[in-house]
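So the structure is just underneath, and the comments pick up after that.
The values are calculated or read from the model by the stated rules, or taken from the named source; none is laboratory data. Note that the coordinates shown come from a computational prediction; the quantities given were computed from them, not determined experimentally. Virtual Cβ from ideal backbone geometry, glycine too; neighbours counted across all protein chains shown. Heavy atoms of the whole protein, side chains included, go into the accessibility calculation; ligands, DNA and RNA do not. Shrake-Rupley method; radii C 1.70, N 1.55, O 1.52, S 1.80 Å.
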Amino acid sequence: MATRCHPGPVDRSDDLPPPRRPLFFPVVIATVFLSIIGISAGLVLGSRHQDSARATPTFTTTAPALPETSSPAPTATGKPCRPETQAASQLVGGAGTLTQVLLLRTKTSVVYICRDEAGSLYYHANNGGDRWVENETALFLPNVVRRGDGYEVTAADGATFSVTRKRLLIVHADGREEEQPAAG
């Protein structure tokens, strides 16, 4: 027969599916690239979260600038504050070595008021015994203000901590008061 049965070009029939292009390799390549991007983003965010958890205290202060009393400046004992307090102060811009101004032990807590070389005061308390884990058993707060014979600081959650040689008074954001007398 003749090789030219049709006088013009012949199209595929409308009822046949279009020719398939192989998708396997583009899908595999896209999956590999997306996996690499996802893993990279996860590692970056994970390390950033880990660094911020170590570096940033959960409680930051929002204490308003309160006028200081005319009491004499706190007298440091000359004893350096705990290493945990030294490290926490450096994370919030503390200047130099911190020295103890006040140490209060209660039945359940120990509270340090420390001063850096620039004169800034810091509150650091722990209710976990010898175990100091920031934001778990310990709380570090900068921007302490001297009030009469004591010191006061307000945490970001609104709780106010007032410390004297005789007691720790915590006024929670809801107004509830908790007083811890000095251990005898």
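Taking the criterion of being over 20 Å from V171 (Cα atoms) and either open to solvent by less than 20 Å² (accessible area, probe 1.4 Å) or out of contact with any strand residue (DSSP E or B) (no Cβ under 6 Å at 6 or more places or on another chain) (or both), the residues of segment 112-133 that qualify are C114, D116, E117, A118, G119, S120, G128, G129, D130, R131, V133. Considering (1) outside any strand (DSSP E or B); (2) at pLDDT below 90; (3) open to solvent by 20 Å² or more (accessible area, probe 1.4 Å), the lone condition that D174 does not fulfil carries the number (2). Screening A118 with (1) out of contact with any helix residue (DSSP H, G or I) (no Cβ under 8 Å at 6 or more places or on another chain); (2) within 20 Å of E178 (Cα to Cα) gives one miss only, at (2). Of the residues making up segment 83-111, those that are within 19 Å of E152 (Cβ to Cβ) and either aliphatic (A, V, I, L, M) or in contact with a helix residue (DSSP H, G or I) (Cβ under 6 Å, 6 or more places away or on another chain) (or both) are A88, V92, L98, V101, L102, L103, L104, V110, V111.
Would you call D149 among the acidic types (D, E), more than 19 Å from T106 (Cα to Cα) and touching a residue at least 60 places away in the same chain (Cβ under 8 Å)? Taking the combined requirement at face value, the residue does not satisfy it. If you go through segment 136-148 and keep only what is open to solvent by 30 Å² or more (accessible area, probe 1.4 Å) and either at pLDDT 90 or above or within 27 Å of the chain's Cα centre (by Cα) (or both), you end up with E136, N143, R146. Just one of (1) more than 19 Å from Q90 (Cα to Cα); (2) under 21 Å from the mean Cα position of the chain (by Cα); (3) open to solvent by less than 20 Å² (accessible area, probe 1.4 Å) fails for V163. It is (2).
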